[in-house]
């Protein structure tokens, strides 16, 4: 199945520290969000918020064909 | 004593006199600076129940031991007074060049008391103080006023802090500006300054206090600047400023939209930092001796209006409040609203959210064109929005009601209007959707100034144990506070309350030592807490520790609370607007509401962790433990 990965905000330009910049990815059925993040080297200690199809999601979520996974920079007060 | 002038200036506007006090070292060591200097004088000298806009209120400007040194992030100062917006503790901080200049002019704090019958301004130069007539600048926008003031004192290097036309008109969220674009933004302290008819404080100083160990301060300055330069967040922070937050917060469902009904704004691209960069950004700017340079300067020339770059550019909060908050997706309109607020000196958050409240009342039939001077005040109407900003600053027509803030506007309208006033204690909510980060909700409720996003670091940072190498901020940065495990953002249990309380002490400390949150933990992880201790030691020569610094922070929290308790602020004021207990309508947290019972329990637990009683009053034991025994008789009538 195909999963689309989008980096939000300024991550879209800078990419992840690994150099990954998002795009479409073929994964096997039953892949969880956590496994996908491992595959693109956005491991669970990475500082990004994860949103699937516009909704907040956890690492054990099983992905479905056509899901859009977004990696969103964490932003705090004063917008650091 | 190193790092301070050892001199506090008091100006009595009623008598037209001034005097200088020289408190002993124990005063400086106990209170340290900014927020705490202000709290000491406000609690001791302003009786309970006074009119915030009357002669008995005082306005205190204060700096710290670090102000004016070469360290990035140090050129900030605090302003303290009783707030006309909330009737309680009023506090605001700003950066720029004025704080360093004020300190070089020979003082650590300035207490303004009384009221003049005629407009005036203060001129402080290297320890000399003069109260001058202010007729020539009264009624002028800040840019014109600043030009005339610099000309009058004959020194282009003089720095000006002033309230604007909104302060003169006692707009309840009027603020104070220095150098035209650095704002003591919240709590309405510009109205206090305006009520005293003190339009401006002009400073020039050439004598910086000695520091204890200049070589170490120099070494630390270079090391910290290198660390700031190498921080992973710095390039984007410099490039886009705080506006870099618009798109990520929108995707995360945390961008308050349409007066906090929704958590996602379809027009977010139009108000983003990226859009500003593409369209109206002229350059970035910064504060005295700071390597970060996060401020914006924007300009625009169009048929319908132009934007003057002298007033800087919009921050994230302004873009959120006027943009997604009022459903306006045009960067030029946000920047124009920002310019008008800056020119007249009004807090953009409170101004925008008061207009958003009026918009929602209008759409629900609680206001009509007859009330709004003929304005079609629907969400998204940019022309009506800009007209409201002008009217509020001048208290013209409907603007007179807008100038009171959303709570009083809604109370005046009656009926269900109060449901549309997104405020706590009378101060409007900043642009951070708390239904997706419940620690921020706790901060909104218990902040002494009313809703404030800068009461503690926001919880999403600490819900994972992020890799400190790639993360801007990681749990590792706050482990020295005793927080050793992640805490989910959507939680209100004991772990969350402990995290919030620990972080609140650090953020209070930031305002005590008047430091910039963009230079130190927990906002920027390369300038660690232990390095702040090092800096304080090098500047003062004191044998100090993180414990002592956190005590300064905790004292600040307790002194502000004590002031509010004395003004009758209690548990019934430490609450959220009803809407936040209802599900947010869109965004990543769609359907999420802050659970009422858990929230009330979290507030009660927070009181207990703080050592406060069930009414939120610091106990005598807590006050004595903090070496604040003198506050006990102020809060407990039967003690002496």
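The values are calculated or read from the model by the stated rules, or taken from the named source; none is laboratory data. Just so it is clear, the structure is predicted and the values come from calculations on it, not from any experiment. For neighbour counting, all protein chains shown are included, and Cβ atoms are generated from backbone atoms with ideal geometry for every residue, glycine included.
Do the conditions hold for residue B:465, that is, is it more than 23 Å from the chain's Cα centre (by Cα), without any contact (Cβ under 8 Å) to a residue 40 or more places away in the chain and either surrounded by fewer than 24 Cβ atoms within 10 Å (Cβ to Cβ) or part of a helix (DSSP H, G or I) (or both)? If you could, list the steps in order and put the result at the bottom.
Details: more than 23 Å from the chain's Cα centre (by Cα): yes; without any contact (Cβ under 8 Å) to a residue 40 or more places away in the chain: yes; either surrounded by fewer than 24 Cβ atoms within 10 Å (Cβ to Cβ) or part of a helix (DSSP H, G or I) (or both): yes.
When the stated conditions are applied, residue B:465 passes them.
Return the residue satisfying two criteria in turn: it lies in region B:248-290 and is over 29 Å from residue B:444 (Cα atoms), out of contact with any strand residue (DSSP E or B) (no Cβ under 7 Å at 6 or more places or on another chain) and more than 14 Å from every other protein chain (Cβ to nearest Cβ), and of such residues it is surrounded by the fewest Cβ atoms within 10 Å (Cβ to Cβ).
By that ranking, first place goes to B:279.
What's the number of the only condition in (1) buried (at least 24 other Cβ atoms within 10 Å of the Cβ); (2) farther than 15 Å from residue B:421 by Cα that residue B:306 fails to meet?
(1)
Across region A:1-39, which residue is nearest to the chain's Cα centre (by Cα) among those that are part of a helix (DSSP H, G or I) and free of Cβ contacts under 8 Å to residues at least 24 places away in the same chain? Step through it out loud before you land on a result.
Going residue by residue through region A:1-39, those that are part of a helix (DSSP H, G or I) are A:11-14, A:33-39.
Still in the running and free of Cβ contacts under 8 Å to residues at least 24 places away in the same chain: A:12-14, A:35, A:37-39.
Working: A:12: 12, A:13: 15, A:14: 15, A:35: 11, A:37: 6, A:38: 10, A:39: 10 Å.
This residue is A:37.
In the list B:187, B:166, which residue meets the criterion of being part of a helix (DSSP H, G or I), touching a residue at least 24 places away in the same chain (Cβ under 8 Å) and crowded, with 24+ Cβ neighbours inside 10 Å?
Working: B:187 fails: part of a helix (DSSP H, G or I).
Going through B:187, B:166 in turn, the sole match is B:166.
Exactly one of (1) surrounded by fewer than 24 Cβ atoms within 10 Å (Cβ to Cβ); (2) under 29 Å from residue B:253 (Cβ atoms) is unmet by residue B:415. Its number?
The number of the failed condition is (2).
Residues in region A:2-30 that are farther than 24 Å from residue B:468 by Cα and surrounded by fewer than 19 Cβ atoms within 10 Å (Cβ to Cβ): how many?
Counting residues in region A:2-30 that are farther than 24 Å from residue B:468 by Cα and surrounded by fewer than 19 Cβ atoms within 10 Å (Cβ to Cβ) gives 10.
Quick one: what pairs do we get from region A:60-80, first residue more than 7 Å from chain B (Cβ to nearest Cβ) and modelled with pLDDT of 90 or more, second in a loop (DSSP other than H, G, I, E, B) and surrounded by 16 or more Cβ atoms within 10 Å (Cβ to Cβ), C-beta under 6 Å, 6+ apart or different chains?
Note: pairs meeting the criteria are A:63/A:31.
Checking residue A:55 against (1) modelled with pLDDT of 85 or more; (2) touching a strand residue (DSSP E or B) at 6+ places or on another chain (Cβ under 9 Å); (3) within 12 Å of another protein chain (Cβ to nearest Cβ), which test does it fail?
Here residue A:55 clears every test but (2).
Quick one: residue B:51 ticks every box in (1) touching a residue at least 12 places away in the same chain (Cβ under 8 Å); (2) surrounded by fewer than 24 Cβ atoms within 10 Å (Cβ to Cβ) bar one, so which box is it?
(1)
Among the residues of region A:28-52, which ones are within 12 Å of chain B (Cβ to nearest Cβ) and at pLDDT 90 or above?
A:51, A:52, listed by residue number.
Matching residues to (1) more than 19 Å from residue B:200 (Cβ to Cβ); (2) assigned to a loop (DSSP other than H, G, I, E, B); (3) within 18 Å of the chain's Cα centre (by Cα); (4) not assigned by TED's automatic domain parsing to the domain that holds residue B:568:
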| site | (1), (2), (3), (4) |
| --- | --- |
| B:20 | yes, no, no, yes |
| B:35 | yes, no, yes, yes |
| B:40 | yes, no, no, yes |
| B:51 | yes, yes, no, yes |
| B:67 | yes, yes, yes, yes |
| B:72 | yes, yes, no, yes |
| B:91 | yes, no, yes, yes |
| B:99 | no, no, yes, yes |
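Does any residue of region B:429-444 turn out to be more than 14 Å from chain A (Cβ to nearest Cβ), modelled with pLDDT of 95 or more and in contact with a helix residue (DSSP H, G or I) (Cβ under 7 Å, 6 or more places away or on another chain)? Break it down into steps so the answer makes sense when it comes.
We begin by selecting, within region B:429-444, every residue more than 14 Å from chain A (Cβ to nearest Cβ); these are none.
No - not one qualifying residue is present in region B:429-444.
Looking only at residues that are away from every other protein chain (no Cβ under 14 Å) and in contact with a helix residue (DSSP H, G or I) (Cβ under 9 Å, 6 or more places away or on another chain) in region A:1-27, which one is farthest from residue B:251 (Cα to Cα)?
The qualifying residue farthest from residue B:251 (Cα to Cα) is A:27.
Tell me yes or no: at least one residue of region B:248-266 is in the same structural domain as residue B:91 (by TED's automatic domain parsing) and more than 26 Å from residue B:65 (Cβ to Cβ).
Step one: filter region B:248-266 for residues in the same structural domain as residue B:91 (by TED's automatic domain parsing), giving none.
No, there is no match, as no residue in region B:248-266 is in the same structural domain as residue B:91 (by TED's automatic domain parsing) and more than 26 Å from residue B:65 (Cβ to Cβ).
For region B:329-343, state whether one or more residues are farther than 24 Å from residue B:268 by Cα, touching a residue at least 12 places away in the same chain (Cβ under 8 Å) and not assigned by TED's automatic domain parsing to the domain that holds residue B:516. So that I can check it myself, show each step before the final result.
To start, the set of residues in region B:329-343 that are farther than 24 Å from residue B:268 by Cα comprises B:343.
Filter once more, keeping what is touching a residue at least 12 places away in the same chain (Cβ under 8 Å): B:343.
Subsequent filtering for residues that are not assigned by TED's automatic domain parsing to the domain that holds residue B:516 retains B:343.
Yes, there is a match, as at least one residue in region B:329-343 is farther than 24 Å from residue B:268 by Cα, touching a residue at least 12 places away in the same chain (Cβ under 8 Å) and not assigned by TED's automatic domain parsing to the domain that holds residue B:516.
Quickly run through region B:468-502 and pick out the residues that are within 10 Å of chain A (Cβ to nearest Cβ) and in contact (Cβ under 8 Å) with a residue 40 or more places away in the chain.
B:468, B:470, B:471, B:472, B:473, B:474, B:489, B:490
Confirm whether residue B:177 is modelled with pLDDT of 95 or more and out of contact with any helix residue (DSSP H, G or I) (no Cβ under 7 Å at 6 or more places or on another chain).
no
Quickly run through region B:250-281 and pick out the residues that are over 20 Å from residue B:313 (Cα atoms) and not in a loop (DSSP other than H, G, I, E, B).
Listed by number, the residues that qualify are B:250, B:251, B:257, B:262.
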